[in-house]
1. Along region 11-25, what does the Karplus equation 6.51 cos²θ - 1.76 cosθ + 1.60 (θ = phi - 60°) give for ³J(HN,Hα), rounded to whole Hz, x for Gly and Pro?
2. Name the long-range amide H neighbours of residue 46: under 5 Å, sequence gap of 5 or more, or other chain; modelled H, no Pro or chain starts.
3. When the helix-only estimate is applied to the chain (DSSP H runs of n ≥ 4, each -39,500 (n - 2.57), divided by the residue count), what is the mean residue ellipticity at 222 nm, nearest 500 deg cm²/dmol?
4. Under a cut-off of 23 Å between alpha-carbon atoms, report the lysines in cross-link reach of residue 39, not counting same-chain residues fewer than 8 places apart.
5. For region 46-127, what class follows from the C-alpha gyration tensor (a ≥ b ≥ c being the square roots of its eigenvalues): rounded when a/c is under 1.5, otherwise prolate if a/b is larger than b/c, else oblate?
6. Rank by packing, highest mean first: peptides 1-11, 16-26, with packing defined as the count of other Cβ atoms within 10 Å averaged across residues.
7. Size of the dipole of the chain about the Cα centre, Lys and Arg at +1 and Asp and Glu at -1 on the beta carbon, nothing else charged, in debye to 20?
8. When the Karplus curve 6.51 cos²θ - 1.76 cosθ + 1.60 is applied with θ = phi - 60°, which whole-Hz ³J(HN,Hα) does each residue of region 55-70 get, with x for Gly and Pro?
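Read-outs throughout are calculated quantities, based only on the coordinates presented, and are distinct from any laboratory measurement. Source: prediction; values computed, not measured. Heads up, the Cβs are rebuilt from the backbone with ideal geometry, glycines too, and the neighbour counts pull from every protein chain shown.
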Amino acid sequence: MVKRTEEHWKKKLDPESYRILREKGTEPPFSGEYVKFDKKGRYVCAACGNELFSSDTKFESGCGWPSFYDSKEDAVEFRRDDSHGLHRIEVICKKCESHLGHIFDDGPEPTGKRYCINSLALDFIFL
C-alpha cells in the first residue's frame with residue numbers, strides 16, 4: 001500500500017483529478033477520455049500506477065463512463081457508499097485508496113458485474 005499525505009496528492013494531481021480520486025467526485029457522463037476508447041492494453045490508477053483493468057474486460061454499457069466486467073486480482077477494494085441518498089458500492093484502488101467509481105450487478109457474463117469507473121481515475125498503457 002502507498003501511504004501519502006493529501007498535500008502530496010494535491011501537488012501530484014491536477015485539481016479535477018484530485019476532486020475525483022481523493023474527494024470521491026464524479027466526472028460528467030460521456031465526458032471522459034476512455035468512454036469510447038477501444039485500444040488494447042492495461043488501465044492503471046492515475047494516482048499510483050497500480051494495474052486495475054485489462055482492455056479485454058472493457059465493454060460498452062451506455063452508462064457514460066468506462067465499464068469493465070472484472071478487475072485485476074487483488075487490485076481494488078470495495079466500500080459501502082451511502083452518499084447522495086443512494087446505496088452503492090464504491091471501488092477504490094487497493095494500493096493508494098483512491099476513489100475510482102462504483103460497481104453494480106448489471107454487467108455481462110462471466111461476472112455479471114459492471115465496474116463504472118471515472119476516466120480521470122485511469123491512465124492507459126498500450127500493449
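1. Those phi angles translate into 6, 6, 9, 5, x, 6, 5, 4, 4, 6, 6, 9, 10, 6, x Hz.
2. 122, 123
3. Calculated mean residue ellipticity at 222 nm is -3000 deg cm²/dmol.
4. Leaving aside lysines fewer than 8 places away in the same chain, those within reach of residue 39 are 58, 72, 113.
5. Numbers: a/c = 1.58, a/b = 1.11, b/c = 1.42.
Because a/c hits 1.5 or more and a/b fails to exceed b/c, region 46-127 counts as oblate.
6. Details: 1-11: 11.3, 16-26: 17.6.
Highest mean packing first, the order is 16-26, 1-11.
7. Charge dipole, the chain, about its Cα centre: 380 debye, nearest 20.
8. Once θ is set to phi - 60°, the couplings for region 55-70 become 4, 5, 9, 7, 8, 8, 9, x, 7, x, 10, x, 10, 9, 9, 7 Hz.
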